[in-house]
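S.K.: Have a look at this one.
The values are calculated or read from the model by the stated rules, or taken from the named source; none is laboratory data. Bear in mind that the values here come from a model prediction, so they are computed numbers and not experimental data. Cβ coordinates were reconstructed from backbone atoms using ideal geometry, including for glycine residues, and neighbour counts include every protein chain displayed. Keep in mind that these areas ignore ligands, DNA and RNA; they rest on the heavy atoms of the full protein, side chains included. Shrake-Rupley method; radii C 1.70, N 1.55, O 1.52, S 1.80 Å.
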Amino acid sequence: MVYDEKLKTAEEKLKKAEATVKRLKALNDKKIRTEETRKKVLAGAALLNFMSKTTDEKTKNYLVELLKRNLEPKDFEYLNSRI
């Protein structure tokens, strides 16, 4: 009888601990996604800001090609039409 109660208590603690781990992993994953998105937005903003101010066509063309090689075609077309 005592062992059954101890086992039940241990199982409940384990379930709570597993739920906590799952919740913390989800929060961590969300934080990582948020940080990655912010990094991309900031890098893109810096690139677009530079491109709007530079008069060096060679550099601008290089950056356009860089975007073309690293973006999906539909995303590049969208962005390229607005640069």
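S.K.: Kindly indicate whether any position in segment 51-67 is within 19 Å of the chain's Cα centre (by Cα) and open to solvent by less than 80 Å² (accessible area, probe 1.4 Å).
M.R.: Yes, segment 51-67 contains a residue that is within 19 Å of the chain's Cα centre (by Cα) and open to solvent by less than 80 Å² (accessible area, probe 1.4 Å).
S.K.: How many residues does segment 68-83 hold that are in a helix (DSSP H, G or I) and open to solvent by 50 Å² or more (accessible area, probe 1.4 Å)?
M.R.: Of the residues in segment 68-83, 9 are in a helix (DSSP H, G or I) and open to solvent by 50 Å² or more (accessible area, probe 1.4 Å).
S.K.: Taking Ile32 and the conditions (1) in contact (Cβ under 8 Å) with a residue 12 or more places away in the chain; (2) assigned to a helix (DSSP H, G or I); (3) β-branched (Val, Ile, Thr); (4) open to solvent by 70 Å² or more (accessible area, probe 1.4 Å), which numbered condition does it fall short on, given that it satisfies the others?
M.R.: With (1) in contact (Cβ under 8 Å) with a residue 12 or more places away in the chain; (2) assigned to a helix (DSSP H, G or I); (3) β-branched (Val, Ile, Thr); (4) open to solvent by 70 Å² or more (accessible area, probe 1.4 Å) applied to Ile32, the lone miss is (1).
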